[in-house]
Amino acid sequence: MDSLAQGDETRQSLRAKMGPPNLLELQSIYAWEWEGDRTDILWSAGWVYGGSGGHKEGSPKVFRVLARFEGDRVIRMERDVAFYKFNTLPSDPDKVWGAWSGDRHRRRGRLLPPSECIRMERSSGLKSVLMLPEGRIFAVDAHGALWARGMGQTGPSSGLLDSVDAREGSETAVPRLAVDPSGRFVAVGFQGKVRVWDNRENCRVLDLGEPGIGPVGTSFSEIQEVVFSPNGQWLAVLGSRASVLLKTADWKAAARLAGEDKVSRAAFSPDSRRLIIQGGRFQILDAASGDLLGELADASSGSFAMQGSRLVISGVELQVVDLETGRELGRIRRPPTSSTTASELRFSSGGVCTVYTRETLEQWSLIEVERSFRAGSKRLELSGDAEVPALLDIRMVPISPASLFPWYTTTERLFSPDGQWLVDHWHPYIQILSATTLQPLGSIRITEKPEDIRIGFSGDGRLFVLTPNEIRLWNLASIQAETTPRKNPEGKGLPAKGSAMGH
């Protein structure tokens with residue numbers, strides 16, 4: 001790895017040393033990834049550190065290289081190497097990650113203590129939580145009871161809705177919780193029952209009949225999801241046997257929907273005119289009538305994001321869909337080695353879609369993508385020698401332990417609401433990277449069982465981890481400010497806040 005110097009390398013020299021790119025090959029970008037047992041490549045590049053195979057003590061396990069070209073000359077190179085040295089799970093994240101090529105002293109795994117811990121004082125175990133920007137916290141326990149607490153509040157939490165039935169408490173069922181955009185109404189779905197609390201009037205406004213009975217005389221069975229529309233006019237209740245759209249003006253059923261055995265995610269479009277349901281199928285519905293507008297193939301897994309009238313889905317391929325008609329406009333075909341089904345999507349200003357995968361962080365211009373579709377190409381290939389104008393930027397994501405060890409599985413991948421942070425959860429660690437620099441801010445170690453925790457972001461942008469008894473919060477912006485060296489008026493670096501100065 002150290003023998004690769006970007007000023008000395010060309011397109012031909014890299015291919016001679018490393019072979020054809022096996023991750024990405026474009027006119028201006030090549031990318032490679034190997035595991036340590038590829039001794040034919042590793043020996044030829046002088047990279048085997050102690051043995052004829054990649055699994056020996058001290059041998060590298062995974063390499064990644066991304067090179068950018070101007071003509072034939074390499075103008076930028078990103079490199080990463082991670083080591084496989086452990087037969088047991090280490091508790092030190094720095095040992096898990098190993099070294100970063102070009103910066104041997106880099107520390108990726110600094111454990112970040114929580115900025116704040118909030119105990120909700122519920123012995124039955126917290127299952128779901130939502131935190132509003134103004135600091136109001138709502139949580140649901142294992143019996144379906146709704147509790148509230150103000151940020152910084154002392155004393156016990158306040159109970160808003162009683163348990164559905166104490167005898168029906170479940171250690172595995174996850175209550176569904178949603179708050180309307182105004183923060184007034186809080187909806188809880190649990191054990192086939194849906195209840196809504198008016199946070200302004202401090203009263204219950206909706207209780208959908210006896211447990212398991214829907215508003216139209218049909219059993220919901222298991223409540224899969226509850227979600228409010230962005231304009232606050234609709235509440236979608238999705239059950240495994242029956243689903244319904246409710247008008248929040250009078251809480252009457254506006255439309256009945258077909259039940260779905262498995263719903264992994266549901267969301268309204270930004271203009272509240274479409275309801276997206278992802279589960280065993282991927283459906284686009286008209287919110288006013290409940291009519292099915294479109295049903296998409298290859299989209300039952302992966303993530304999706306919306307902006308305006310466009311929907312982008314990360315399934316087997318990246319699919320671009322018109323929300324007005326529910327029809328697919330075209331697809332972006334990515335390399336078969338890419339983990340598109342484990343990617344996360346986010347829109348930023350100007351119609352730029354950011355795709356976060358196991359290997360890369362990519363930025364796509366949706367305007368250019370659609371221009372290619374209108375030109376007659378319904379499948380944009382991210383491979384081969386042709387340049388892709390729609391691809392604005394591509395960066396290499398640092399190798400994580402989830403890429404190295406079979407006992408790690410990435411269960412969640414998140415963007416922060418402001419797009420500044422990338423968050424990966426591979427239990428028992430949560431990894432945090434800067435979306436701008438891809439430098440690590442640090443990691444979080446969680447000792448609770450993975451099925452007992454939830455992670456997400458509060459309304460004011462703080463990362464939270466929900467455990468059965470408390471909510472742990474991390475203010476990532478403050479942590480970054482504390483660890484970033486300051487500048488004095490002469491431009492010289494000052495120690496970060498709280499660091500010791502040498503004498």
May I ask for the net charge around Asn202, where only other residues with Cβ less than 15 Å from the Cβ of Asn202 are counted and Lys, Arg are +1 while Asp, Glu are -1?
-> +3
Rounded to the nearest 10 Å², the accessible area of Lys252 using a 1.4 Å probe with every protein chain kept is 120
Given Lys17/Lys378; Lys247/Lys449; Lys193/Lys252; Lys127/Lys262, the pairs whose alpha carbons are separated by over 27 Å = Lys17/Lys378; Lys247/Lys449
Give, in whole angstrom and from largest to smallest, the semi-axes √(5λ) of the equivalent ellipsoid of the stretch 181-331, with λ running over the eigenvalues of the Cα gyration tensor.
-> 27, 17, 12
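The values are calculated or read from the model by the stated rules, or taken from the named source; none is laboratory data. Just so you know, these numbers come straight off a predicted model, no measurement behind them. Heads up, the Cβs are rebuilt from the backbone with ideal geometry, glycines too, and the neighbour counts pull from every protein chain shown. These area figures cover heavy atoms from the full protein model, side chains too; ligands, DNA and RNA do not enter into them. Shrake-Rupley method; radii C 1.70, N 1.55, O 1.52, S 1.80 Å.
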